[in-house]
1. Work out from phi, with θ = phi - 60° and the Karplus expression 6.51 cos²θ - 1.76 cosθ + 1.60, the ³J(HN,Hα) of each residue of region 50-59, listed in order in whole Hz, and give x for Gly and Pro.
2. Among rounded, prolate and oblate, which fits region 32-119 when a ≥ b ≥ c are the square roots of the eigenvalues of its C-alpha gyration tensor, a/c under 1.5 means rounded, and a/b larger than b/c means prolate?
3. Could you pull out every residue, at least 5 positions away or on a different chain, whose amide H is within less than 5 Å of the one on L99? Hs are placed 1.01 Å off N in the peptide plane, and Pro or chain starts have none.
4. What does the charge add up to near D73, with Lys and Arg as +1, Asp and Glu as -1, over the other residues with Cβ less than 12 Å from its Cβ?
5. Tally Lys/Arg at +1 and Asp/Glu at -1 over every other residue whose Cβ is under 15 Å from the Cβ of I117; what's the total?
Amino acid sequence: MRTILLFSGITLIMLLLMAERLWRHRQQEGHLGRALALRDGVHVWTKTGCPACDRMKRVHAGLIEAGLMIVHDAEHSEAAATVLGLRAVPTTIVVRSGLIVDSILGFASAERLARWISSTPAGGSV
């Protein structure tokens, strides 16, 4: 009986520690936008020679020219890409009030991007 109680207690403590660690990670993840001084808006991380990245830039050329979508080169901003934990390009990130509120991996059509942005926390125009 003591063994079961001891095991249950240890398991509970481990679960609480894991939950706290996940919570702290999520808090830090959101504040990365401030640490990197990313201005509010839609940020796209691309790479030279990436077909999906080139397509993304062509499809969203109007947003880029209007300054509503900021394009970053993951190769030239390698430190920032590492801090953000980018796993693939293109990666699109929405920043609001200096916080990263959501991200999406891969190519996003204009329709998908509009739906996605409007569904992010505090959705609407960026």
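Taken together, the values in this text are just the output of simple stated rules run on the coordinates, not laboratory data. Predicted model only: the values in this text are computed from it and were never measured. In this analysis, Cβ positions are derived from the backbone assuming ideal geometry, glycine residues included, and neighbour counts consider all displayed protein chains.
1. Residue by residue, region 50-59 yields 8, x, 5, 5, 4, 5, 4, 5, 5, 5 Hz.
2. Values: a/c = 1.56, a/b = 1.10, b/c = 1.42.
Oblate, because a/c is 1.5 or more while a/b does not exceed b/c.
3. none
4. Numbers: positive: K47, K57; negative: E75, E78.
Charge balance in the 12 Å sphere: 0.
5. On the way: positive: R96, R112, R115; negative: D40, D102, E111.
Around I117, the charge tally is 0.
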